[in-house]
Amino acid sequence: MTANPPPAHAGSPFADLNAQGLNLQAVFNLADLPADVQAALPVDAAAPYRQLLLIGHLGGLLWQQLALAGMEGEHPIDAFTRTQVAAWLAHTQPGVRHCFVYPGPTAVGLQRLGQLAGWHHASPFMVGVHVAWGSWFAYRAVVLADTTLAPTPLVESPSPCDTCPGRICVGQCPAGALDGGFNLKACLSYRHQPNSACRDRCLARNSCPVGAEYRYSDAQISYHYGQSMAATR
Ligand code: B12
Ligand code: SF4
Ligand code: SF4
């Protein structure tokens with residue numbers, strides 16, 4: 001089952017990105033970002049860029065587009081994202097100066113940026129949740145650019161976890177890793193067991209009822225959890 005795409009806005013400057021499944025975008029004026037965020041960015045003080053573009057995906061459309069393009073190379077999602085974002089900039093803002101911060105060598109707090117965009121709330125299993133999308137979104141690119149896009153107004157949204165009856169996900173974790181705060185060690189040692197039910201999924205995440213229509217396909221979930229298992233080895 002394919003998740004529905006988020007509502008498309010006619011005439012959006014992001015139409016090309018939306019069509020490729022890179023369907024979450026936030027624009028910040030660099031100078032308006034909090035000092036701690038600015039300090040973590042590779043900003044050239046002599047020639048700072050004007051804006052920071054945060055680009056993410058919601059639901060399964062990115063996965064479909066990726067499959068159509070062919071999952072090639074060691075980091076196919078990063079490669080696809082870079083290609084699509086560069087093409088979108090060339091089409092909509094020809095010649096604009098820009099650089100990719102993510103994917104890239106600089107460690108940048110993506111969930112912190114998501115918080116500023118109104119996308120992120122902390123969940124018991126640490127993947128950010130949004131009141132409408134649940135946890136079925138992720139960050140795909142951070143770009144510094146001399147664009148003149150309208151900055152995205154912050155849409156304050158409540159955390160779905162604050163009003164979740166019984167905090168369903170907590171009881172679904174077979175490792176008890178969500179009891180009293182996230183215990184990464186307990187989670188990983190369970191995931192690495194030979195018959196672990198979480199080798200290629202997170203049962204807690206799957207149990208969250210919020211944003212069920214955006215849930216990734218089983219193949220997508222399996223791919224990503226396989227990647228994170230490899231990373232933890
Ligand atoms: C390192 C990392 C991991 C490590 C975590 C180890 C650790 N605690 O050090 C590992 C490899 C285990 C991991 C796993 C996953 N991760 Co991860 N991870 C990251 C990464 C690259 C950096 C996080 C970090 O260290 N930040 C720096 C420290 C200083 O920040 P912090 O304030 O202490 O921590 C913040 C967050 O990082 C988060 N956090 C802290 N500890 C952990 C532990 C886990 C497991 C997660 C998910 C988040 C998290 O909470 C803070 C809230 O702001 C971010 C991307 C990024 N650049 O931000 C993705 C990121 C947090 N991961 C993400 C995802 C999706 C996952 C996985 C679900 C992937 C998958 N499908 O398997 C799994 C989680 C499953 C699980 N239960 O194991 C997404 C979350 C998207 C969202 N909606 O919020 C991010 C934002 C990447 C992205 N491109 O979108 N991850
Ligand atoms: S199940 Fe409830 S507590 Fe858990 S992430 Fe979803 S909304 Fe939050
Ligand atoms: S991956 Fe499994 S063990 Fe880890 S938090 Fe999710 S449900 Fe718990």
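One equal scatterer on each Cα of the chain, no solvent, Debye formula: the resulting log10 I(q)/I(0) at q = 0.13, 0.15 Å⁻¹ is -0.84, -1.11. Across the stretch 29-152, the volume of the C-alpha convex hull divided among the residues equals 131 Å³ per residue.
Residues in the stretch 23-36 carry Karplus couplings, in order, of 9, 10, 9, 9, 10, 10, 6, 4, 5, 8, 6, x, 4, 5 Hz; the curve used is 6.51 cos²θ - 1.76 cosθ + 1.60 with θ = phi - 60°, and Gly or Pro positions show x.
Can you work out D for the stretch 16-75 in µm² s⁻¹ from Stokes-Einstein, where Rh is the Kirkwood radius over C-alpha pairs, the temperature is 20 °C and the viscosity is 1.002 mPa s? Roughly 155 µm²/s, to the nearest whole number. Close amide H pairs (under 5 Å, H built 1.01 Å from N) link Gly134 with Gly211, residues at least 5 positions away or on another chain. Averaging the Cα positions of each part gives two centres, and for the stretch 78-117 and the stretch 121-183 these lie 21 Å apart.
Phi-derived couplings, Karplus 6.51 cos²θ - 1.76 cosθ + 1.60 at θ = phi - 60°, listed residue by residue for the stretch 46-51: 6, 9, x, 6, 7, 9 Hz, with x used for Gly and Pro. Per the Debye formula on identical point scatterers at the alpha carbon atoms of the stretch 160-232, with no solvent, log10 I(q)/I(0) at q = 0.24 Å⁻¹ is -1.20.
For Gln25, the residues 5 or more places off, or on other chains, whose built amide H falls under 5 Å of its own are Gly56.
Helix content alone sets the calculated 222 nm mean residue ellipticity of the chain: runs of n ≥ 4 DSSP H residues at -39500 (n - 2.57) each, divided across all residues, give -9000 deg cm²/dmol.
Rounded to the nearest 20 debye, the dipole magnitude of the chain is 460 debye, with +1 charges on Lys and Arg beta carbons, -1 on Asp and Glu beta carbons, and the Cα centre as origin. Once the C-beta distance of Ser222 and Val155 is scaled by a Förster radius of 30 Å, the resulting FRET efficiency is 0.40 to the nearest 0.05.
Convert each backbone phi in the stretch 55-62 into a coupling constant with the Karplus relation 6.51 cos²θ - 1.76 cosθ + 1.60 (shift: θ = phi - 60°), then list the ³J(HN,Hα) values in order as whole Hz, x for Gly and Pro. Those phi angles translate into 10, x, 10, 10, x, x, 4, 4 Hz. Highest mean packing comes first when the peptides 110-119, 44-53, 90-99 are listed by Cβ atoms within 10 Å, giving 110-119, 44-53, 90-99.
Among 17-23, 66-72, sorting by the average number of other beta carbon atoms lying within 10 angstrom of each residue, highest first, gives 17-23, 66-72.
Every number in this text was worked out from the coordinates using simple rules, so none of it is lab data. Since this is a predicted model, take the numbers as computed values, not measurements. Ideal geometry is used to build each Cβ from the backbone, glycine not excepted, and the neighbour counts take in all protein chains shown.
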